[in-house]
Amino acid sequence: MSTPHLFSTFSQRSVTLRNRIGVSPMCQYSSEDGRANDWHLVHLGARAVGGAGLVIAEATAVEARGRITPQDAGLWEDAQVEPLRRINDFVTAHGAVPGVQLAHAGRKASSTRPWEGSRVIPIGEGGWETIGASPLAFGAALTRPPREMTAADIAAVVEAFRAATARALAAGYRWLEIHAAHGYLLPSFYSPLSNQRADGYGGSFDGRVRLTLEVTRAVREAWPEELPLAVRLSCSDWTEGGWTIEDSVELARRLKAEGADLIDCSSGANVPKAPIPATPGYQVPFAAQIRREAGIATAAVGLITEPRQADEIIRRGDADLVFLAREELRDPHWPFHAARELRAEAARDLLPVQYARAAQ
Ligand SMILES: Cc1cc2nc3c(=O)[nH]c(=O)nc-3n(C[C@H](O)[C@H](O)[C@H](O)COP(=O)(O)O)c2cc1C
C-alpha cells in the first residue's frame, strides 16, 4: 500500500474525503437569531470550491445560552435548518464534505465579538446569564462568573446536544464535531483549573470527563452509524496544575469507546495568557501522541501553512488530516496551490470547471 499523502483520499464509515485538507471551524459572528445567511454561503462555499476535502462550519450553539456572542450560529431550533441545507447542498456539489462543530460556550458566553473587544455583555443589555462547571470567571475581559450548573442544567445541555445533532443531520451535514476545546463548556468541566465541583461531575479525572463522555454518547445515538463523529480537544492547558496531554490520551481512549472516530487536536484557551509556544505546527505532537497511544485517527491543526509541512504531517503518520484556519482565510484556493507546489495530480481537479481552463 502506498504511503498516505496530502492528496490521498480518507474514508471513515461511509464518508470519503477527496484529500486530507479540512477547513477548521471558524466563527463568523454574522448570524441573526443563529441563522445562516449569504455570508455563510459565500464563506463556506468558496472554501469548497477551493478544493478542501472537508469544510467544517463554525462553532454552532446547541442552545441560545451557549452562544459566545449574540451573532453566533445555532442549531437550537428547527428554523435554523433550512438556510444551512442550501449551503450544504452547495458545498457537496463542489466535492467537499460539509461538517459542523456543535458547541456550548459555557462561561465564555454572552460576550461581544472579537472586533468589539470580546467583553461581557451585561444582562439586560442583550446579554444573558451564563452557566459553567463552577462559579469562576474565565478572566481577561470575561469578568462575570457563571452560575454553577445544577444536575437539571447538565441534563438539559446533554439533551440540547442530542437535539442539535438531529437538526444537523436534517441540514445535510455529513461530518459532526463536538467542540470540547478552548475553554468553553466541556473543557471547563474536564480541566481541574475551572472545575471545583463536589458532585459526580467534578473532583477526580472520571468525574471531570463525565459530561464530555455523556454528550458524546448522546450525539452518537442521534448521529447515524454511517457518519463520522469527531471531538475537538484542548490537549493541554499549557499551565502548571492544569489538563495535560496524558489526560487527553486517556480521554481519547474513552471517547473512542463511545464511538468517536477522530480527535481534532487543539490546545489552550481555558486560561487567559497561558504561555503557548505558538511556532509552526506546535500542536502536531499532540495529534501524533494521541494517534499512537489511543489508537484513534487524529487531525492536526495550528500554524500549518506550507504545503510541504502539511504533506509531511500526513506522510509521517502524525495525523490523518490537517485542518487549516487562518491560511484558508488568506487563500481559499490553498488546496489547489498546494497540489501545484507538490506536483500532485489532484491539481487537475481542484479548480471548478468554470475556472479550470483559464486558471490551471
Ligand atoms: C476567525 C477565527 C474563528 C475561529 N473560530 C473557531 C471555532 O468556531 N471553533 C474552533 O474550534 N476554533 C475556532 N478557531 C480556531 C481555529 O479553528 C484553529 O484551530 C486556529 O486558528 C489554529 O489554526 P490556524 O493556525 O490554521 O489558524 C477560530 C480561529 C479563527 C482565526
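The values are calculated or read from the model by the stated rules, or taken from the named source; none is laboratory data. Only a predicted model underlies this, so the values are computations on that prediction, with no experimental measurement involved. Neighbour counts are summed over all protein chains in view; Cβ atoms, including those assigned to glycine, are modelled from backbone coordinates with ideal geometry. We work out accessible area using only protein heavy atoms, side chains counted, and drop any ligands, DNA or RNA first. Shrake-Rupley method; radii C 1.70, N 1.55, O 1.52, S 1.80 Å.
Here the helices (runs of 4 or more DSSP H) wholly within segment 123-234 that include at least 1 residues being open to solvent by 30 Å² or more (accessible area, probe 1.4 Å) are 151-170, 205-222.
Is it true that residue 325 is closer than 19 Å to residue 12 by Cα and in contact with a strand residue (DSSP E or B) (Cβ under 9 Å, 6 or more places away or on another chain)? Spelling it out, it is not the case that residue 325 is closer than 19 Å to residue 12 by Cα and in contact with a strand residue (DSSP E or B) (Cβ under 9 Å, 6 or more places away or on another chain). So which residues in segment 282-310 are open to solvent by 40 Å² or more (accessible area, probe 1.4 Å), in contact with a Lys or Arg (Cβ under 8 Å, 6 or more places away or on another chain) and closer than 17 Å to residue 177 by Cβ? Answer for segment 282-310, where residues must be open to solvent by 40 Å² or more (accessible area, probe 1.4 Å), in contact with a Lys or Arg (Cβ under 8 Å, 6 or more places away or on another chain) and closer than 17 Å to residue 177 by Cβ: there is none. Within segment 330-360, the residues that satisfy the criterion of being surrounded by 13 or more Cβ atoms within 10 Å (Cβ to Cβ), more than 24 Å from the chain's Cα centre (by Cα) and under 20 Å from residue 314 (Cβ atoms) are 337, 339, 340, 341, 342, 344, 346, 347, 349, 350. Taken together, 64, 57, 46 contain a single residue that is hydrophobic (A, V, I, L, M, F, W, C), more than 16 Å from the chain's Cα centre (by Cα) and within 26 Å of residue 128 (Cα to Cα), which is 64.
Would it be correct to say that residue 67 is within 15 Å of the ligand (Cβ to nearest atom) and of a type outside the set (A, V, I, L, M, F, W, C)? Criteria met by residue 67. Can residue 166 be described as closer than 20 Å to residue 101 by Cα, of a type outside the set (D, E, K, R) and more than 16 Å from the chain's Cα centre (by Cα)? Judged against the criteria, residue 166 is a match. Could you give every pair whose Cβ atoms fall below 9 Å, whose first residue belongs to segment 291-303 and is on the phi > 0 side of the Ramachandran plot, and whose second residue is in a loop (DSSP other than H, G, I, E, B) and of a type in the set (Val, Ile, Thr), counting only separations of at least 6 or pairs across chains? Once the first residue is on the phi > 0 side of the Ramachandran plot and sits in segment 291-303, its partners that are in a loop (DSSP other than H, G, I, E, B) and of a type in the set (Val, Ile, Thr) give 303/279. When 195, 270 are checked against the criterion of being touching a residue at least 60 places away in the same chain (Cβ under 8 Å) and away from the ligand (no atom under 16 Å from the Cβ), a single residue qualifies: 195. Restricting the first member to segment 39-67 and to residues that are within 14 Å of residue 109 (Cβ to Cβ), and the second to residues that are within 13 Å of the ligand (Cβ to nearest atom) and basic (Lys, Arg), the beta-carbon pairs closer than 9 Å and six or more apart or on different chains are 59/67; 61/67.
Scanning segment 165-193 for residues that are of a type in the set (A, V, I, L, M, F, W, C) and closer than 21 Å to residue 90 by Cα yields a total of 7. Elements of the type strands (runs of 3 or more DSSP E) sitting completely within segment 1-108 and holding at least 1 residues that are among the small types (Gly, Ala, Ser) and either open to solvent by 10 Å² or more (accessible area, probe 1.4 Å) or closer than 19 Å to residue 231 by Cα (or both): these cover 10-12, 21-23, 54-61, 97-103.
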